[in-house]
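What follows is a single structure, written as structure tokens, with notes after it.
The values are calculated or read from the model by the stated rules, or taken from the named source; none is laboratory data. The shown structure was predicted, so the numbers you read here are calculated from the model rather than taken from an experiment. Cβ: placed from backbone, ideal geometry, glycine included. Neighbour counts: every protein chain shown.
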Amino acid sequence: MKTFTYRTATALDDGLEPGATFLAGGTNLVDLMKLGVATPEVLVDVTKLPLDEVTDLPDGGLRIGAGVRNSDLAAHPRVRRDYPVLSQAVLAGASGQLRNMATTGGNLLQRTRCRYFMDATMPCNKHSPGSGCPARSGDHRNLAILGGSSSCIATHPSDMAVALTALDAVVQVSGPAGARSFPLGDLYLLPGETPHREFTLEHGELITAVDLPGGSGSSAYRKVRDRASYAFAVGSVAAVLTVAEGTVTDVRLAFGAVAPKPWRAHAAEEALRGRPATRESFLAAADAELAAAEPLRDNAFKITLIRNLVASVLEGLS
Amino acid sequence: MTATSERAVGQPLRRIEGPDKVTGAARYAAEYQVGDDLAYGWVAQSPVAGGTLTGVTVDPLVEADDVLAVLWHGNAPRLAEGDDPELAVLQSDRISYRGQALALVVARTLEAARAAAASLQLSIDPSPADTVLSFARDDLYTPEKVNPDFPSETSTGDVSAAFDAAPVRVDVTYSTPALHNSPMEPHATTALWEGDELVLYDSNQHPPGVAATLATLFELPPERVHVITEHVGGGFGSKGTARPNAVLAAMAARVTGRPVRLALPRQALFSMVGHRTPTIQQLRLGATPDGKLTAIDHLAVAHTSRLFEFAEQTAVTTRHLYEAPAVRTGHRLARLDMPTPRWMRAPGEAPGMVGLECAMDELAIALSLDPIELRVRNASSSLLTDCLRHGADRFGWHDRDPRPRQRRDGDWWIGTGVASATYPAMVQPSTARARRLSTGDYEVSIAAADLGTGARTVLTQIAADALDVPHDRVRVRIGDSTLPFASVAGGSSGTASWGWAVTGACRALRDSGGSDEATFDSSDLVEQLNQEGKHAYGAHFAEVRVDAVTGEVRVTRLYGLYAAGRILNPRTARSQFIGGMTMGMGMALHEEGVLDPNVGTWVNHDLAEYHVPTHADIESITAEWLDDAGEGQNPMGSKGIGEIGIVGSPAAIVNAVWHATGVRVRDLPVRLDKLLPHL
Amino acid sequence: MDLVVNGDRHTLEMDPRTTLLDALREHLGLTGAKKGCDHGQCGACTVLLEGRRVNSCLILAVTLDGASVTTVEGLAHPVQEKFLEHDGFQCGYCTPGQICSSVGMLDEALSDDDPPELSDAEIRERMSGNLCRCGAYPNIVRAIREVAAR
Ligand SMILES: Cc1cc2nc3c(=O)[nH]c(=O)nc-3n(C[C@H](O)[C@H](O)[C@H](O)COP(=O)(O)OP(=O)(O)OC[C@H]3O[C@@H](n4cnc5c(N)ncnc54)[C@H](O)[C@@H]3O)c2cc1C
Ligand code: SF4
Ligand code: FES
Ligand code: FES
């Protein structure tokens, strides 16, 4: 770990000096610093800011402070009642200890678990731009089938972010240039030719909260992993579904561990809206989304996996 | 002399060191407070799998105030030659594998040592690396011996003819991946020189062996190396001999004149301390229509390193478990640019029994015969038959529909599987000393190591009975190389070997007519023993469910029944059995070193990516045993129990997955992506 | 910086890179919390921070000025006795983490607005952040279950 100076942030628009990075729960950042993959010169601790509240919004929605710990979020009565997909997703991630540390903001901004990225001695376009992507010909069983590029096929590893994506979450940001907000999907950049650029935040912009709109349908999250717990997803599906008289009136679907960002399945949603809530339409919807998949040697199974999961989760909800 | 009403052996005594372990008082190698000038070591590992290290450049600005030394082959003290080339650290410019120790930074703080090690500029002339094991390689060779000292090849009868003539045949290839021991305590040493005596607090399975090795390398008289190994956070074979951390720490302490602590980072355990070799196994079984084996042919391919030949005894169990007129076994090795494989819990038996016991399952299917019946018809030991038959009763095997893919509960396919288990019952020479203390209590000393096996506790029980006193009057001292010589805590031989010496010393003291001390060396008796053909046996049963939607496998029940000699302490023995079975589950379903041949190493080198079973994976594991006391070949009547739990349990799970789904996975682990396309 | 550990206040001057785990082990001589992976992947370093279980290897000590930490050395909890009774460990290296984690976990369950039923499956899932390579899992679950039942 390279040495750094440490200070605590005192205001939301504090900003960041050059070479500085925000520190929240530290469960990803400190990990990467030890690995030599992250090398901030200044750490600005944001956990002392008053961002750890979950509050009701006037439209019946919910505002989740960026500093709310994952475990508190999952256990929040309103999250449990109105947004079970979110509670389930958070509880499917990491471990009890890590969830006590990890924050909402940090979870959204965690980096990929690509095994080459996590090892500073390996080539990797993301941590050392221009050094190449060994994953394409090497180990990519758990990397992207959607949204990748020839430069990078990393997946975003978060569970929580997949649920938030399906819930149409809006990110609140504050920085020296003022406050702004945007849909969660706009937080992430696809790798293209610049896989080291991952987020749309300007330097010094702080995530202050995530807003959830009110009035969702029934929702669920299902995660698949290589052991029963304490493992990142190899595939996951978050779904919010409203069915009236056997017909899908509204559906929001997001996939995890298959793309560089939590993957909103717009094509699948499009294919499903107004259709009968049957297994056949669920599978057809999944196929509509997965038609764009570009699997490599070892990750084609994710197509079958996501397809099956979509059908199974939606069947469970309808 | 007091006569005790109850013998201590056989009682479920609690672990003697238990209170220390649940309060945090137990000290492990990296936890000793050894003075104010303690320095920390951090290893710089090779980023390439082959080549030469031509230089190391230190950035004078990095951690300048704290770095005490940077050692590499250009400046490290010379070591004398030993028998393990992996320990000739920083002695040569040759790079034999990715992850090899190339330099060592010693610094005043842990943080500075780590940062400085990461900043070193290693000048390397890389050479192409060859890391892929396959049957098709044209450079496979037959080792002379396989671990520890078995012939590489055996043959009785004409296997080819018998196989060709067999009415029912199975000809299959199974493969197992590289596996990593992954004890929870990473390998660690705290080293200091007290005058010209070297003191090492070291995490290992054999204090006297480590002391002897370090004495050789540093050219010291053996009595001037003192290894203290009070508690060990698991080893599973990887701490059986001195590892590079011990040598590097001693070297650093000599160069800096300070005590030095070197705890390997977790990631380094995936290259620097040994692993289980991947195997590819060809099995050919021939049988008569009524299920008598006529031919068994087992050929195993494994790798070793450029540094050193380690040949795993993969096919050795096949030589004796079942009877057939024609049996052939053999081993081939490839020398790769990889770290040297080593012992990992049941080396040989564990992977070899995946091949044999899955092939037996396939043969049972080909014969339309119950897999237990097939094994019983061919078992070489009645103990194995007993375990299979009684185990079947207790597990509830009998109403099993033999056809695959028949039981379904919601999305889950359900199935059951069985496999035999066996492990050699070994004894090695050891020496123990018993003393009568002025308090009237007794002290029994032996340089053994307790890695969590319960050795300290069981030896206390053994000593109490041999002395005829209650166990709370006996204090057992272990974990120190200066105590009387103990054999390695390995090969499931510890308790048998040390217990024999302890029994001898205690009986000698008891019968001495009043002397205060007695020592007993079991060497002569052990040498006279014919250890061939002595085994523990068992049977493993698994019930699994496989999710038809996702391919996820869960083990609903894992059951083991063993005939493993007298069980000296049921509480700690049970833990050993279920611990082995748990690792067997990991081997069947989760664990694998994922090799990237382009970068020349396993890329999943941490505990987030190398998956060992978690709490949630273990739904029900039960171990029971048959009473076969008196079978064991030592005064306690015991056999080894530490390894048999991982022998056969993986195959029982793989066979159960077939029964649940009809999908036969022949390359471990049984990951969901291998099942999913067929569900 | 100030840190209260097991009720004792310590004033520490350390490299800002020092984790809570290394502060405990290397600076305070409290080696109960173990280093199994140093990256949040094993749970051996679990301690209670303001009563909540956390992985001390991923927390920088500088961020904790004034905070209160409990390590296994500071615990006197019935689950420890149950670990002894049910042989909830072998090598003992994961044990302090398992114990701190189970204390934190039981507390989480108790203080939940809608307290969960701590079935074996529930205990296993909630304890999955603590690896045990020796495979003492069933014994650990038994120990925790008996305490939870009280
Ligand atoms: C072993 C292990 C297993 C895990 N398993 C899972 C899993 O299964 N599923 C899963 O989803 N996650 C998993 N995680 C990841 C974990 O959820 C994340 O590390 C965590 O959510 C990150 O949150 P944090 O607060 O600790 O972030 P930090 O590590 O503090 O920060 C992460 C990044 O976010 C930035 N940041 C933090 N807060 C803000 C803010 N408010 N505004 C702007 N920038 C900010 C930081 O600068 C940093 O770049 C696992 C982690 C580990 C170590
Ligand atoms: S997939 Fe992306 S993160 Fe992984 S090695 Fe390639 S460039 Fe790096
Ligand atoms: S040492 Fe902290 S989780 Fe492993
Ligand atoms: S007791 Fe050894 S790792 Fe758990």
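Only residues that are more than 21 Å from B:GLU6 (Cβ to Cβ), more than 7 Å from every other protein chain (Cβ to nearest Cβ) and not small (Gly, Ala, Ser): list them for region B:562-580, please.
Taking region B:562-580 and keeping what is more than 21 Å from B:GLU6 (Cβ to Cβ), we get B:562-564, B:575-580.
Narrowing further to those that are more than 7 Å from every other protein chain (Cβ to nearest Cβ): B:562-564, B:576-577, B:580.
Across region B:562-580, the qualifying residues are B:TYR562, B:GLN576, B:PHE577.
I'd like the residue in region A:142-176 that is part of a strand (DSSP E or B), of a type outside the set (S, T, N, Q) and under 25 Å from A:LEU98 (Cβ atoms) and, out of all such residues, is farthest from ligand 1 (Cβ to nearest atom). I'd like the intermediate steps shown before the answer.
Narrowing region A:142-176 to residues part of a strand (DSSP E or B): A:170-175.
With of a type outside the set (S, T, N, Q) added as a condition, the list becomes A:170-171, A:173, A:175.
When the remaining residues are screened for being under 25 Å from A:LEU98 (Cβ atoms), the result is A:171, A:173.
Details: A:VAL171: 9, A:VAL173: 8 Å.
So, considering only residues that are part of a strand (DSSP E or B), of a type outside the set (S, T, N, Q) and under 25 Å from A:LEU98 (Cβ atoms), the one farthest from ligand 1 (Cβ to nearest atom) is A:VAL171.
Answer with yes or no whether B:ARG328 is free of Cβ contacts under 8 Å to residues at least 24 places away in the same chain, among the basic types (Lys, Arg) and in contact with a Gly (Cβ under 9 Å, 6 or more places away or on another chain). No: the conditions fail for B:ARG328. Tell me, please, whether a residue that is surrounded by 24 or more Cβ atoms within 10 Å (Cβ to Cβ) and of a type in the set (Asp, Glu) can be found in region B:303-312. Taking every residue of region B:303-312 in turn, at least one turns out to be surrounded by 24 or more Cβ atoms within 10 Å (Cβ to Cβ) and of a type in the set (Asp, Glu). A count restricted to region B:32-64 and to residues that are in contact (Cβ under 8 Å) with a residue 12 or more places away in the chain and either of a type in the set (D, E, K, R) or within 15 Å of B:ALA117 (Cα to Cα) (or both) stands at 17. Restricting attention to region A:119-141, does a residue exist that is part of a helix (DSSP H, G or I), within 13 Å of chain C (Cβ to nearest Cβ) and either at negative phi or away from ligand 4 (no atom under 16 Å from the Cβ) (or both)? Among the residues of region A:119-141, not one is part of a helix (DSSP H, G or I), within 13 Å of chain C (Cβ to nearest Cβ) and either at negative phi or away from ligand 4 (no atom under 16 Å from the Cβ) (or both), which makes the answer no.
Could you please give the count of residues in region A:221-231 that are over 16 Å from B:VAL549 (Cα atoms) and either among the small types (Gly, Ala, Ser) or in contact with a Phe, Trp or Tyr (Cβ under 8 Å, 6 or more places away or on another chain) (or both)? Before you say what the answer is, go through the steps one by one.
Just the residues of region A:221-231 that are over 16 Å from B:VAL549 (Cα atoms), to begin with: A:229-231.
Still in the list and also either among the small types (Gly, Ala, Ser) or in contact with a Phe, Trp or Tyr (Cβ under 8 Å, 6 or more places away or on another chain) (or both): A:229, A:231.
Of the residues in region A:221-231, 2 are over 16 Å from B:VAL549 (Cα atoms) and either among the small types (Gly, Ala, Ser) or in contact with a Phe, Trp or Tyr (Cβ under 8 Å, 6 or more places away or on another chain) (or both).
For region A:48-107, the set of residues classified as among the hydrophobic types (A, V, I, L, M, F, W, C), away from ligand 1 (no atom under 14 Å from the Cβ) and at the interface with chain C (Cβ under 10 Å from one of its Cβ atoms) consists of A:ALA75 only. Apart from one condition, A:ASP59 fits all of (1) closer than 20 Å to A:PRO213 by Cα; (2) out of contact with any Gly (no Cβ under 9 Å at 6 or more places or on another chain); the exception is (2).
Within 22 Å of the chain's Cα centre (by Cα) and buried (at least 24 other Cβ atoms within 10 Å of the Cβ): which single residue out of B:ASP480, B:ASP450 fits that description? Spell out the reasoning first.
On the way: B:ASP480 fails: buried (at least 24 other Cβ atoms within 10 Å of the Cβ).
Unique residue meeting the criteria: B:ASP450.
So for region A:177-194 (the condition being in contact with a Cys (Cβ under 9 Å, 6 or more places away or on another chain), part of a loop (DSSP other than H, G, I, E, B), of a type outside the set (A, V, I, L, M, F, W, C) and surrounded by 21 or more Cβ atoms within 10 Å (Cβ to Cβ)), does at least one residue qualify? Yes - at least one qualifying residue is present in region A:177-194. Just one of the listed residues (B:LEU102, B:LEU53) is under 30 Å from the mean Cα position of the chain (by Cα), surrounded by 22 or more Cβ atoms within 10 Å (Cβ to Cβ), more than 10 Å from every other protein chain (Cβ to nearest Cβ) and modelled with pLDDT of 95 or more, namely B:LEU102. The residues on offer are C:ASP107, C:ASP113, and the sole one that is facing another protein chain (nearest Cβ under 10 Å) and either more than 16 Å from the chain's Cα centre (by Cα) or modelled with pLDDT of 95 or more (or both) is C:ASP113.
Of all residues in region B:97-147, how many are small (Gly, Ala, Ser) and touching a Phe, Trp or Tyr at 6+ places or on another chain (Cβ under 9 Å)?
Applying the first criterion (small (Gly, Ala, Ser)) to region B:97-147 yields B:99, B:101, B:103, B:107, B:112-113, B:115-119, B:123, B:127, B:129, B:134, B:136.
Now restrict to residues that are touching a Phe, Trp or Tyr at 6+ places or on another chain (Cβ under 9 Å): B:99, B:103, B:107, B:112-113, B:115-118, B:129.
Residues that pass the stated criteria total 10.
Suppose we filter B:PRO325, B:PRO347, B:PRO341 for residues that are surrounded by fewer than 22 Cβ atoms within 10 Å (Cβ to Cβ), at pLDDT 95 or above and not hydroxyl-bearing (Ser, Thr, Tyr); which single one remains?
One residue alone meets the criteria, B:PRO325.
Name the one entry in B:GLY291, B:GLY274 that is more than 30 Å from B:ASP139 (Cβ to Cβ) and outside any helix (DSSP H, G or I). Result of the check over B:GLY291, B:GLY274: B:GLY291.
Evaluate the following for A:GLY61: is it more than 16 Å from ligand 2 (Cβ to nearest atom), over 24 Å from C:CYS42 (Cα atoms), touching a residue at least 24 places away in the same chain (Cβ under 8 Å) and touching a Pro at 6+ places or on another chain (Cβ under 6 Å)? If you could, list the steps in order and put the result at the bottom.
Details: more than 16 Å from ligand 2 (Cβ to nearest atom): yes; over 24 Å from C:CYS42 (Cα atoms): yes; touching a residue at least 24 places away in the same chain (Cβ under 8 Å): yes; touching a Pro at 6+ places or on another chain (Cβ under 6 Å): yes.
Yes: the conditions hold for A:GLY61.
Could you tell me whether region A:200-210 includes any residue that is within 16 Å of ligand 1 (Cβ to nearest atom), assigned to a strand (DSSP E or B) and more than 21 Å from A:GLY67 (Cβ to Cβ)? Looking for residues that are within 16 Å of ligand 1 (Cβ to nearest atom), assigned to a strand (DSSP E or B) and more than 21 Å from A:GLY67 (Cβ to Cβ), one finds none in region A:200-210, hence no.
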